[in-house]
Amino acid sequence: MASPPSPSSAAPTAGAPVAIVSGANSGIGLAACVALASAGHIVYAGMRAGASADALLAAVAAAAGPATNADGTTDAGLSSPSVGAVHVLRMDVGADASVTAAVASVLAATADRVDVVVANAGYGAIANVEDASVADFEAILNVNFLGALRLVKAALPSMRRRRSGRVVGISSVVGLLGWPFYGPYSASKFAMEGLWESCFSEYKGLDVHFVLVEPGPVRTGVASRAFIGRSPPTDIKPAWDTFLSTKMPAMAAAAQTADECAAYILRAVTDPSPALRYMTHPSQGALLRAKVTDLDGAGAAAALLSMVQGPAGGGDDRRPAEAQHGTDAAVPGESGGGVEGLD
Ligand SMILES: NC(=O)c1ccc[n+]([C@@H]2O[C@H](COP(=O)([O-])OP(=O)(O)OC[C@H]3O[C@@H](n4cnc5c(N)ncnc54)[C@H](OP(=O)(O)O)[C@@H]3O)[C@@H](O)[C@H]2O)c1
């Protein structure tokens with residue numbers, strides 16, 4: 001159950017935009033809260049009942065820094081006036097009642113105002129489909145997809161009434177392309193992508209903008225919290241081993257920081273005419289271009305197969321010439337364009 005928002009680092013600024021971020025106690029969500037607060041938002045930082053807010057509040061305090069007096073001196077404890085307030089909001093996105101109560105408590109405190117929702121809470125999974133149970137799929141869909149849906153449904157009526165809002169979904173490059181062994185996770189992010197794309201056109205006319213942010217690899221604690229498959233079938237094991245031994249280190253090497261990722265979230269929130277999607281990792285564009293221009297899926301198929309076949313994997317490379325040469329530096333398996341977290 002949600003408890004009322006508790007005030008923290010600074011006093012809210014009248015008229016400042018109000019943002020709710022889920023999964024705000026760590027990683028990308030934490031960085032997004034700091035970025036939004038630094039840009040003057042009043043941030044309601046969603047986190048589960050047991051989660052510590054210490055790291056978030058310390059990061060907000062560090063971002064605020066001491067404000068400068070008129071004579072150029074600084075006083076400890078005086079917050080920069082450009083940094084908005086951050087409130088801890090107890091919210092478990094996996095439970096209807098918790099999200100409903102949490103968002104209602106924000107709307108009660110802001111006179112029915114919420115300008116931005118960042119549906120960020122989620123966890124990763126790397127598992128073969130036969131290895132993961134239906135319950136494993138239900139669990140990740142309940143948090144990564146239905147958790148985002150719950151937040152959207154709780155906040156949308158207020159945005160619609162006010163004819164204004166940004167609904168940011170933290171998807172993934174794996175929400176656009178189903179990597180091997182990402183079945184449960186990709187399913188949850190593909191679901192988010194589909195919902196967001198549908199809502200985009202339904203709400204655009206009301207100035208309520210659905211925006212997807214699609215990180216590639218980001219250096220957070222996501223891997224330590226992920227669901228990892230128990231034991232794939234024996235005849236799948238070689239592909240599993242190849243993927244883990246070749247792709248995971250490449251992903252780690254290519255990872256961005258959470259702050260870099262949060263800069264895209266801030267852009268998604270502040271761009272006067274927001275795009276439908278913001279891809280945060282420069283290495284992923286060519287791969288996805290190959291997917292969408294190659295309608296029988298050959299471009300994506302070749303890239304995905306390379307992830308489980310290793311360098312000598314060979315196979316039928318039916319990617320278009322444009323994807324086989326030149327700009328295709330990001331196809332995983334060729335350059336290591338991937339993730340450190342998990343995607
Ligand atoms: N890191 C990457 O490489 C990467 C790439 C693409 C997309 N993403 C996406 O980015 C988002 C943030 O991930 P991250 O990398 O920042 O990982 P992270 O540091 O593990 O953050 C995930 C956050 O979600 C929260 N969360 C999990 N289940 C929740 C629930 N039921 N209710 C409320 N909060 C819950 C976690 O809280 P607890 O501490 O309570 O578990 C944590 O604060 C996720 O949606 C992830 O899929 C990450």
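For the range 96-109, name all the residues that are in contact (Cβ under 8 Å) with a residue 12 or more places away in the chain and more than 12 Å from A154 (Cα to Cα).
A109
Filter the range 261-284 down to the residues that are within 15 Å of the ligand (Cβ to nearest atom) and either in a loop (DSSP other than H, G, I, E, B) or farther than 22 Å from G40 by Cα (or both) and list them by number.
Once the filter is applied, which keeps residues that are within 15 Å of the ligand (Cβ to nearest atom) and either in a loop (DSSP other than H, G, I, E, B) or farther than 22 Å from G40 by Cα (or both), the range 261-284 yields R277, M279, T280, H281, P282, S283, Q284.
Pairs, please: C-beta under 9 Å, at least 6 apart or cross-chain, first residue under 13 Å from R160 (Cα atoms) and in the range 200-212, second assigned to a strand (DSSP E or B) and charged (D, E, K, R)?
Sorted first by the residue in the range 200-212, then by its partner, the pairs are V208/R166; H209/R166; F210/R166.
Enumerate the pairs (first residue in the range 110-133 and in contact (Cβ under 8 Å) with a residue 24 or more places away in the chain; second residue anywhere and away from the ligand (no atom under 14 Å from the Cβ) and charged (D, E, K, R)) with beta-carbon separation below 6 Å, excluding pairs fewer than 6 apart on the same chain, so at least 6 apart or on different chains.
V116/R166; D131/R230
Quick one: how many residues across the range 166-193 are more than 21 Å from W240 (Cα to Cα), buried (at least 22 other Cβ atoms within 10 Å of the Cβ) and among the hydrophobic types (A, V, I, L, M, F, W, C)?
Residues in the range 166-193 being more than 21 Å from W240 (Cα to Cα), buried (at least 22 other Cβ atoms within 10 Å of the Cβ) and among the hydrophobic types (A, V, I, L, M, F, W, C): 4 in total.
Please go through the range 97-113 and give me each residue that is in contact with a Leu (Cβ under 9 Å, 6 or more places away or on another chain) and more than 12 Å from the ligand (Cβ to nearest atom), ordered by number.
Once the filter is applied, which keeps residues that are in contact with a Leu (Cβ under 9 Å, 6 or more places away or on another chain) and more than 12 Å from the ligand (Cβ to nearest atom), the range 97-113 yields V103, S105, V106, R113.
Within the range 64-79, identify whether any single residue is at pLDDT below 95, part of a loop (DSSP other than H, G, I, E, B) and within 23 Å of L151 (Cα to Cα), and answer yes or no.
Within the range 64-79, none of the residues are at pLDDT below 95, part of a loop (DSSP other than H, G, I, E, B) and within 23 Å of L151 (Cα to Cα).
Which of the residues spanning the range 203-225 are of a type in the set (A, V, I, L, M, F, W, C) and at pLDDT 95 or above?
Matches in the range 203-225: L206, V208, F210, V211, L212, V213, V218.
Would you check if A135 is under 23 Å from T110 (Cα atoms) and either of a type in the set (D, E, K, R) or modelled with pLDDT of 95 or more (or both)?
When the stated conditions are applied, A135 does not pass them.
Take the residues in the range 14-49 that are more than 7 Å from the ligand (Cβ to nearest atom) and part of a loop (DSSP other than H, G, I, E, B), then tell me which one is surrounded by the most Cβ atoms within 10 Å (Cβ to Cβ).
Top of the filtered list is H41.
With the requirement that a residue be part of a loop (DSSP other than H, G, I, E, B) and over 15 Å from I20 (Cβ atoms), what does the range 92-110 give you?
G94, A95, listed by residue number.
The values are calculated or read from the model by the stated rules, or taken from the named source; none is laboratory data. All values derive from a computational prediction rather than experimental measurement. Virtual Cβ from ideal backbone geometry, glycine too; neighbours counted across all protein chains shown.
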